1. Need pairs with beta-carbon distance below 9 Å; first residue closer than 24 Å to B:A185 by Cα and open to solvent by 10 Å² or more (accessible area, probe 1.4 Å) and within segment B:134-146, second polar (S, T, N, Q) and part of a helix (DSSP H, G or I); sequence gap 6+ or separate chains.
2. B:R426 passes all but one of (1) open to solvent by less than 50 Å² (accessible area, probe 1.4 Å); (2) outside any strand (DSSP E or B); (3) under 28 Å from A:Q87 (Cβ atoms); (4) more than 14 Å from chain A (Cβ to nearest Cβ); which number fails?
3. Write out, first by first residue and then by second, each pair whose Cβ atoms fall under 7 Å of each other, whose residues are 6+ apart or on separate chains, and whose first residue, in segment B:409-425, is modelled with pLDDT under 90 and among the hydrophobic types (A, V, I, L, M, F, W, C) while the second is open to solvent by less than 70 Å² (accessible area, probe 1.4 Å) and not in a strand (DSSP E or B).
4. Regarding B:S336, is this residue within 12 Å of chain A (Cβ to nearest Cβ) and touching an Asp or Glu at 6+ places or on another chain (Cβ under 7 Å)?
5. Considering only segment A:41-55, state which residues are farther than 24 Å from B:E319 by Cβ, surrounded by 17 or more Cβ atoms within 10 Å (Cβ to Cβ) and touching a residue at least 60 places away in the same chain (Cβ under 8 Å).
6. Cβ-Cβ below 8 Å, separation at least six or inter-chain, first residue in segment B:500-528 and within 20 Å of B:E474 (Cα to Cα) and not assigned by TED's automatic domain parsing to the domain that holds B:I470, second surrounded by fewer than 21 Cβ atoms within 10 Å (Cβ to Cβ) and of a type in the set (D, E): which pairs?
7. Please note which strands (runs of 3 or more DSSP E) are completely contained in segment B:118-218 and include at least 3 residues that are polar (S, T, N, Q).
8. Can you go through B:I205, B:I155, B:I113 and tell me which one is β-branched (V, I, T), within 30 Å of B:K223 (Cα to Cα), at pLDDT 85 or above and in contact with a strand residue (DSSP E or B) (Cβ under 7 Å, 6 or more places away or on another chain)?
Amino acid sequence: MIKLLHVEDDADIREIAEMALGLSGEFEIVQCETGEAALSKIESYTPDVVLLDMMMPGMTGRQTLEKMRQRPELADIPAIFMTARAQHSEIEELLQIGAADVISKPFDPMALPDQIKVAMQKPR
Amino acid sequence: MQATTHKNRKALCVAGACGLATGWYAASSMLLTGLAASVIPAAGAIAIAGVLPTMLAKGRNSKENDHKLLTMSQRLEALNHHAGINIVNENNALTEVNDHLLTLTGYSREELIGQPVKVLYDDNAKDVADEVRSFLVQGKTWQGETQLRRKDGSILFTQSTIMPLFKANGEWAGSISARTDVTEANKLLSERDTAQTLNELRDDIWIVDSETEQFSYMNRAAKGRLSIESDEYKLKGLADFNQDKEIQEVLRACRALRKNGETNTQYRSSLIGVPMHVSINFLPGSNGEGRYLILFNDITDHLQQEQIKSAFISNVSHELRSPLTSIKGAMGLLLSGSAGEIPDKAMTLLDIAHRNADRLILIINDILDLDKISNGQLEFDVQMVDLAELVREADNANAMLQQRFGVSTKLQGLEDAMMVQTDPNRFIQVLTNLLSNAYKFSSPGSEITISVQNEDDYLRIAVKDQGTGIPVNEQHKIFDRFADMTNSDRMTKGGSGLGLNICKAIVESLGGKIGFDTEVGVGTTFYFNLPKTLPDTVAVEEDTVRQIA
């Protein structure tokens, strides 16, 4: 099972992602509503992959990733961003700070499990 | 204009003025033509020479009268030299004209006598002639500016006093007009007003001699911006500001304008750090030389408003994406059967909702793209790519849509790899747009051909459908924004009405051209040419990412 930490402020999107990933039977999903909650969660839970919403109240997805990267034990965990602002320059920027992939919203729920697995295989 | 009423004209005749007036008129008429007058002017006519009050007050003594008549004759002669004078009869036909009027208008006496007075008026002033006549028949004197036309067609502005003439029995006999040429005065006033207006304008204005490239004029705003006192600018030329990149840019633009034989160029730049819209007009002189009229319009406020608008569009569009993610995601899961079996009718309805969610996403994407195009912020990721591969990718990506519209595609000219320097995602965006239009306007069972032609410097990508074709009256606006929204048939086909406009902007930004051939009832071929390598005019920033200028 792939341990996935999903950080997303929109409850509906959390539910859809949980259902889509749950259907594949390959993911163990833990969800957080904010970046702050995610940073707190990873004190006790080390995921295999993090799925991060970009625009969240409080800490953005980017800030959350930067905080995570400051901890050596979390530095190599692949992080995938989900964003509604998928301009080329923004995607480039996110990839440069270490994102494994950037998934544009709206996303195809049925394709999501494969997208995550492919991103996890990418060399970093 | 002023009018003086002469309701008491008969009373004046009774009082003995008629005889005097007859004498004045005879004198004035002889001065004009050398012929004796046969009609009596009203008191107003006498007033033109400024003699009536004198005559009425002192006209009792015949010797004095003779003396005054002589003086009056001299005054009339002075008037005759100063003003153009004409007399018309009761039918408004010219009966007498003085030499000065002939000089002013360029006509000969023979050409004017017997002609309607309107022959002297400019076409734009014919109404004035009617207005004058309506005053005169009421016994009123008309004063005002009249726009005449010289024989050579040029305009002659005159300040005119036109007075009615009456026969001894009080019947309407015509009128006499005295006209002073004010053309030059008007021109000077107009030039002065123009100069004052230019000076007060908020925009910076420079006028530069094209030969010497020296300044010949700067308005107040321009002098203030460059901290130039009074007329100091006349000692300077554009080249004197060689430390200033912005002014050197103006100099280069001026020289290019003249070199290319063009008359106008416009661009966005800045002046002393202030963002400006610059407009340069070359005003040719008589011998090939000329002047550059250079206008700088401060666009600081405009740019701020654009930024606010752009931020608003961007925020709204992105905010719409979050609920759409849930809507589309939920429906996608339902359609996949993840939430259990769905009855057929419900599936049909879900499919409609899902497709329209997709449509809404496309519209939002188009609005975002359009906003970026408007602000020059549309980004490109230019790479060396195999166009044949991209065409196949776009065709595959649209397989579902083909299925829905019941059409098929045929690929031509994709046997060999064709390398081209372009943005692969934007290429697929353009081709997808053309394909989706082709599907929408084709009948089920039709075949759509996607072809690539390898020319010397460019590749031509064409999408040929067997659809309804584009009527002639719609062809000119096909690349306009919201062009297809005016056609109800097209509205039912969906789309934001922005797609082709965006395609055009993308293709042109990639150094290419887009066009179409169409025949109603036969079909349409949309094509776009892409250069194999990006031309120098297309700026590339940071290796691969660039923006539309």
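The values are calculated or read from the model by the stated rules, or taken from the named source; none is laboratory data. All values reported here derive from a predicted model rather than from experimental measurement. Because the Cβ atoms are built from the backbone with ideal geometry, glycine has one as well, and the counts that use them run over all protein chains shown. Quick note on the areas: whole protein, heavy atoms, side chains included, nothing else; ligands and nucleic acids left out. Shrake-Rupley method; radii C 1.70, N 1.55, O 1.52, S 1.80 Å.
1. Filtered contacts from segment B:134-146: B:E145/B:N186.
2. Here B:R426 meets the rest and fails (4).
3. So the pair list comes out as B:A417/B:A388; B:M418/B:L387; B:M418/B:A388; B:V420/B:L387; B:V420/B:K532.
4. On the way: within 12 Å of chain A (Cβ to nearest Cβ): yes; touching an Asp or Glu at 6+ places or on another chain (Cβ under 7 Å): no.
It is false that B:S336 is within 12 Å of chain A (Cβ to nearest Cβ) and touching an Asp or Glu at 6+ places or on another chain (Cβ under 7 Å).
5. The one that is farther than 24 Å from B:E319 by Cβ, surrounded by 17 or more Cβ atoms within 10 Å (Cβ to Cβ) and touching a residue at least 60 places away in the same chain (Cβ under 8 Å): A:V49.
6. Filtered contacts from segment B:500-528: no entries.
7. Numbers: elements: B:140-149, B:155-166, B:172-181, B:204-209, B:215-218.
Passing ranges, in order: B:140-149, B:155-166, B:172-181.
8. Result: B:I205 is the single residue among B:I205, B:I155, B:I113 that is β-branched (V, I, T), within 30 Å of B:K223 (Cα to Cα), at pLDDT 85 or above and in contact with a strand residue (DSSP E or B) (Cβ under 7 Å, 6 or more places away or on another chain).
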